[in-house]
Structure formats: C-alpha cells, structure tokens
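Please treat every number below as a calculation from the coordinates, not as lab data. Note that the coordinates shown come from a computational prediction; the quantities given were computed from them, not determined experimentally. Every residue, glycine as well, gets a Cβ built from its backbone with ideal geometry; the counts of neighbours run over all protein chains shown.
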Amino acid sequence: MLGRADRVRKPTLARVAGFARPLGDQSAVAHHRGQFAGWAIVYALAVAYSSLVVGPTGFHFVPLAPETAWRIFKATPYVVNGSDQRPDWMANLLMLVPLGWLTTGAFWPRRNGLRWLAAGATLSCCLIFVLVIKYLQLFFPPRTVTLNYIEAQSLGSLFGVGLFWLTYNRRLAWQRGLRGGGRRPLMIACGIYAAALLFFFLFPFDFALSAEDFRERAAVLPHMVLSWPGEGLPITRRVLVVMADAAATIPLGVLLAL
C-alpha cells in the first residue's frame with residue numbers, strides 16, 4: 001500500500017522516465033482563445049467586404065436616411081423561392097459556419113459548465129453581426145435583403161457552434177497526433193483531405209428535395225456518369241483535366257491502404 005509521499009513521487013518519476021507526456025507537448029495543443037478571436041475578426045471583415053463591396057456593380061453606396069433604412073429593414077420580407085435559388089441560400093448558410101466556429105473558439109471556456117454560456121454568447125454575436133450586415137446592405141443596392149438569407153446565415157452560425165463543440169476534443173487529439181510519429185500523422189492528413197474533397201464535390205449542396213427535382217436529376221444522371229470530364233475542351237486540356245481529377249483521389253487510396 002503506497003503512502004502519500006509515494007503517490008506524489010510516482011508521477012514525478014514517471015515524467016522523468018518518459019512514461020508521462022511532457023509539459024511542452026501539453027502546452028503545444030492548448031486552446032488559445034486570442035488566436036481564435038483574431039481570426040474571427042479577420043473572417044468577419046472578409047464577410048462584410050464580400051457582402052457590401054463585391055458584386056456586379058462593385059462599391060455602390062446610395063445615401064439613405066437611417067430612420068428610412070430602419071423602417072425598410074423592419075419590413076424585411078420572406079420570399080418563397082424556387083429550387084433555382086437553393087444554391088444561393090446554401091452559400092449564405094455555409095458562409096457563416098466558419099464565423100460561428102471561430103467565434104466559439106474565442107469564447108470557449110476551460111470549465112465544462114460554462115460552455116452553454118459560451119455557445120449562447122457566440123450565437124448572440126453572430127446574429128447581431130448578420131443583422132448589422134443586412135441593415136447596411138440597404139445602403140448598397142441592388143443587394144437582396146430578405147428573411148430567407150437572415151435565416152440561412154443564422155443557421156450557419158448555429159452549425160458553426162455545434163461543429164466546434166463536437167470536434168473540440170478531437171481537434172486536440174489530431175494536433176497531438178500530427179506531432180507524433182509513425183503512420184498516424186499521414187492518416188490524419190489524408191482524413192482531413194478526404195473530408196475537404198467530399199465537401200468540394202457536394203458544393204454548393206444543391207440537393208434534390210422534391211419529386212420534380214429528382215426527375216430532373218435522374219434524366220441527366222446517365223450522361224454525368226458516362227461522360228468524361230472537360231467536355232468541349234481541346235483534347236490536350238481534356239487529358240490534363242482527367243489526370244488532375246484522377247490525381248485528386250490518390251490520397252483516398254493512401255488512406256484506405258493505411
């Protein structure tokens with residue numbers, strides 16, 4: 001039976017002998033809220049720039065009385081769109097996922113009991129940001145301001161919060177794995193690549209949600225499956241496109257082989 005002095009001495013001896021993880025490795029994967037906050041600000045500025053400046057007419061500011069803009073903003077409509085508008089709606093949703101993820105990291109506490117509070121603070125900040133951007137878009141026509149896009153971007157923020165919460169512990173494990181040896185760093189890198197490639201293939205997530213959509217997709221499916229990439233390009237460029245598409249899947253084979 002070990003005494004108190006033996007129990008205190010045991011972890012110290014284990015660290016000296018190399019059985020415990022060094023403190024340097026633990027600090028290397030620590031959660032740095034300041035870095036998340038900095039990247040969240042940078043990404044928010046990028047979203048604001050793309051929402052107010054980037055467009056077919058470029059920077060197009062039209063003076064408008066603030067009270068008039070507020071009255072128009074309070075009457076923001078909900079528009080019933082067809083399936084042709086779904087990619088745009090999905091793009092607005094996905095645009096706010098990184099902001100929700102980064103902002104959650106900026107608020108993420110060390111204590112588990114405060115994580116709900118951090119999630120609520122993140123959602124509040126993201127929603128305020130979305131509403132401010134939509135209000136400012138009234139001064140930059142022909143920007144579209146509807147409840148549809150507010151809904152999409154709010155859901156994107158919520159998904160970002162949930163994604164950070166679900167992947168927090170796994171992200172730290174990945175960081176430790178990337179610092180280790182053997183096949184694990186390569187497996188992690190290939191796994192991340194596979195997820196990114198799947199995201200790229202499915203973007204802009206224009207899924208068929210109605211019987212009419214299914215019929216339209218089924219009609220073009222044989223052509224999509226049997227045709228070669230780069231249709232309409234010169235033969236040389238088409239061969240290069242085929243080779244590039246084939247090379248893009250090589251890490252998937254590596255991942256299956258590991």
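A few points about this structure:
- Between region 210-258 and region 32-64, the alpha-carbon center distance in angstrom: 34 Å
- Highest to lowest packing among 94-101, 225-232, scored as the average C-beta count within 10 Å: 94-101, 225-232
- 3J(HN,Hα) along region 116-121, derived from phi through the Karplus expression 6.51 cos²θ - 1.76 cosθ + 1.60 where θ = phi - 60°, amounts to 4, 5, 5, 5, x, 5 Hz, with x in place of Gly and Pro.
- Mean separation of Cα contacts under 8 Å (6+ apart) over length of region 31-169, as relative contact order %: 39 percent
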